[in-house]
1. With assigned to a loop (DSSP other than H, G, I, E, B) and more than 23 Å from Gly151 (Cα to Cα) as the only criterion, which of Asp45, Asp8, Asp60 stands out?
2. Could you say which residue among Ser39, Ser33 is of a type in the set (S, T, N, Q), surrounded by fewer than 20 Cβ atoms within 10 Å (Cβ to Cβ) and modelled with pLDDT of 95 or more?
3. So which of Ile27, Ile65, Ile13 is out of contact with any Gly (no Cβ under 8 Å at 6 or more places or on another chain), surrounded by 16 or more Cβ atoms within 10 Å (Cβ to Cβ), in contact (Cβ under 8 Å) with a residue 40 or more places away in the chain and within 17 Å of Gly82 (Cα to Cα)?
4. Given the structure, is Pro150 out of contact with any Leu (no Cβ under 6 Å at 6 or more places or on another chain) and closer than 20 Å to Ile21 by Cα?
5. From the set of residues in the range 140-179 that are of a type in the set (Val, Ile, Thr) and more than 18 Å from Glu125 (Cα to Cα), which is surrounded by the fewest Cβ atoms within 10 Å (Cβ to Cβ)?
6. What is the one condition in (1) crowded, with 18+ Cβ neighbours inside 10 Å; (2) out of contact with any strand residue (DSSP E or B) (no Cβ under 7 Å at 6 or more places or on another chain); (3) among the hydrophobic types (A, V, I, L, M, F, W, C) that Leu87 does not satisfy?
7. Considering only the range 101-127, state which residues are surrounded by fewer than 24 Cβ atoms within 10 Å (Cβ to Cβ) and in contact with a Ser or Thr (Cβ under 8 Å, 6 or more places away or on another chain).
8. Inside the range 129-147, can you point out the residues that are under 16 Å from Leu67 (Cβ atoms), assigned to a loop (DSSP other than H, G, I, E, B) and under 15 Å from the mean Cα position of the chain (by Cα)?
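The values are calculated or read from the model by the stated rules, or taken from the named source; none is laboratory data. The structure presented is a predicted model; accordingly, all values stated were derived computationally and were not measured. Reconstructed Cβ throughout: ideal geometry from the backbone, glycine too, with neighbour counts over all protein chains shown.
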Amino acid sequence: MVYVHLADGFEEIEALAVVDILRRAEIPVKMVSISKEHSVRGAHDIYVAADLLFEEADYDLCEMIILPGGMPGTKNLAAHEGLASNLKNFAEKGKWLAAICAAPSVLGGLSLLEGKRATSFPGFEEQLLGADYTEDRVVRDGNFLTSRGPGTAIEFGLAIVALLKNEETAQRLRKAMIV
């Protein structure tokens, strides 16, 4: 199971493109609201109905946590203590953590990217504490996957498919989606 976390102000394209791609690849994925409501408002006033509230999510069944960026979504993700605890736990266990746009700053703020290659939306480099920053569109280092922003969301989603399923499935989707 993969959990894509939604906070008020999330970047819609980064969350929904990834969910769409994972479902096309038949990878179980749920959208998790970190607020008290299933309905979460995106950065561009698009409301999305999350599958689960944070309190309903079973992180023992989860193999990857995904954080979309957007503002103030990223700040809201960073302020959630339960999510921070799960991110640290996943990092300690070597489980997959993926973040795009401004959201790698959440990982950086928890000092989880120290010594790792990582990328983010321009202007967030300084918040990736201890990371070896690169401007590559999608970056994998160990159990971390980071990406630049809305324009890289499809590549990010396909990279997740390659990690969780296989490269052949990612290539099949790339061709079918005309990427």
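1. Asp60
2. Testing whether each residue is of a type in the set (S, T, N, Q), surrounded by fewer than 20 Cβ atoms within 10 Å (Cβ to Cβ) and modelled with pLDDT of 95 or more leaves just Ser39.
3. So the residue among Ile27, Ile65, Ile13 that is out of contact with any Gly (no Cβ under 8 Å at 6 or more places or on another chain), surrounded by 16 or more Cβ atoms within 10 Å (Cβ to Cβ), in contact (Cβ under 8 Å) with a residue 40 or more places away in the chain and within 17 Å of Gly82 (Cα to Cα) is Ile65.
4. Yes.
5. Top of the filtered list is Ile178.
6. Condition (2) is where Leu87 drops out.
7. Correct list: Arg117, Phe124, Gln127.
8. Asn143
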